[in-house]
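Data first, discussion second: the structure below is written as structure tokens.
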Amino acid sequence: MFPTIQENFTILLRAGAFGITDEPLKPMSSFKWNKLVATAKKLGIHGYIVAGAQLLKDDPRLPSDINIPTPKERFEYSDTALYGFLSARRYRKISEQEKHNIDCSTETLDFLHLLVANIDLIITRDMSLCGIIAVGEYLRTQGNRVDFVKLNQWIHRLGIAQAASFIAHMLIELFDFETEELEFMTRTYKKPLIHYERLLDNAFNPHHKFRRASRLNLAFIETSSYHLLNFKTRITDIEE
């Protein structure tokens, strides 16, 4: 990984996502700026990088062609799932029951879906920066409408407390969120930025990925169930 690219990538991402402008950009060659833009596109957050560049447009180190207006990416989480037999049933039950409750908390259920969509990606592919940002944006815009007592009951019932807390720690470490904003964070996770750095590494070198051991630590049942389902599918395909 190119450390200067990573530093500038982070500076622009923090600025574009949450308006954080506490660091100046580092000088880079045109080659490295092109690498940074290509990485942003590959990770699906080019719009946030451009938004950061527009916020820092007076920085002399910034190439003029990087801040051409580009819409920010939208994180899609309408189709979410869990993979454990019990957790999948419980998740469906929570969704159906809450929709029909007289005191239905739409924002709380929506936020649960958003967390599960992020956890799904962590288990099946890799951490999504766009998804992490979407969690932070939801908290900043709709967080006052979320019933965190109910949400935390659901999270613990589904067995995703550690994974949800990982997302919260990412918001703290990468985007300067305060602990008080993250009422769904009930567990600790050491050095979450290791996975951020590995994600950027993977954009340059496909051999670096979110390690399976880390996935198991975050969501053992979900990760194990997902790989078991994949194994069964491959066996069925072979038999057919």
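Among the hydrophobic types (A, V, I, L, M, F, W, C), more than 22 Å from the chain's Cα centre (by Cα) and more than 22 Å from TYR138 (Cβ to Cβ): which single residue out of LEU62, LEU36, LEU55 fits that description? None of the others qualify; the one that does is LEU62. Please go through segment 54-91 and pick out each residue that is modelled with pLDDT of 90 or more, within 19 Å of HIS113 (Cβ to Cβ) and of a type in the set (D, E, K, R). GLU73, ARG74, GLU76, ARG89, ARG90 - these are the residues of segment 54-91 that are modelled with pLDDT of 90 or more, within 19 Å of HIS113 (Cβ to Cβ) and of a type in the set (D, E, K, R).
Cβ-Cβ distances below 7 Å connect the following pairs, each with a first residue in segment 1-30 that is within 12 Å of LEU62 (Cβ to Cβ) and part of a helix (DSSP H, G or I), a second residue that is open to solvent by less than 10 Å² (accessible area, probe 1.4 Å) and of a type in the set (Val, Ile, Thr), and a separation of six or more residues or different chains: LEU12/ILE49. Assess whether GLY84 counts as being touching a residue at least 60 places away in the same chain (Cβ under 8 Å) and either open to solvent by less than 10 Å² (accessible area, probe 1.4 Å) or closer than 20 Å to ASP176 by Cβ (or both). Judged against the criteria, GLY84 is a match. The set of residues from segment 1-40 being closer than 23 Å to LEU171 by Cβ, of a type in the set (D, E, K, R) and open to solvent by 30 Å² or more (accessible area, probe 1.4 Å) comprises GLU7, ASP22, GLU23. Somewhere in segment 99-108, is a residue assigned to a helix (DSSP H, G or I), open to solvent by less than 20 Å² (accessible area, probe 1.4 Å) and of a type outside the set (S, T, N, Q)? Within segment 99-108, not a single residue is assigned to a helix (DSSP H, G or I), open to solvent by less than 20 Å² (accessible area, probe 1.4 Å) and of a type outside the set (S, T, N, Q). With respect to the conditions (1) under 25 Å from the mean Cα position of the chain (by Cα); (2) farther than 26 Å from ALA161 by Cβ, ILE102 lacks only one, and its number is (1).
The values are calculated or read from the model by the stated rules, or taken from the named source; none is laboratory data. Nothing here was measured: the structure is a model prediction, and the numbers come from that model. Quick reminder, even Gly has a Cβ in these numbers, built from the backbone with ideal geometry, and neighbours come from all protein chains shown. What goes into the accessible areas is simple: the full protein's heavy atoms, side chains included, and nothing from ligands, DNA or RNA. Shrake-Rupley method; radii C 1.70, N 1.55, O 1.52, S 1.80 Å.
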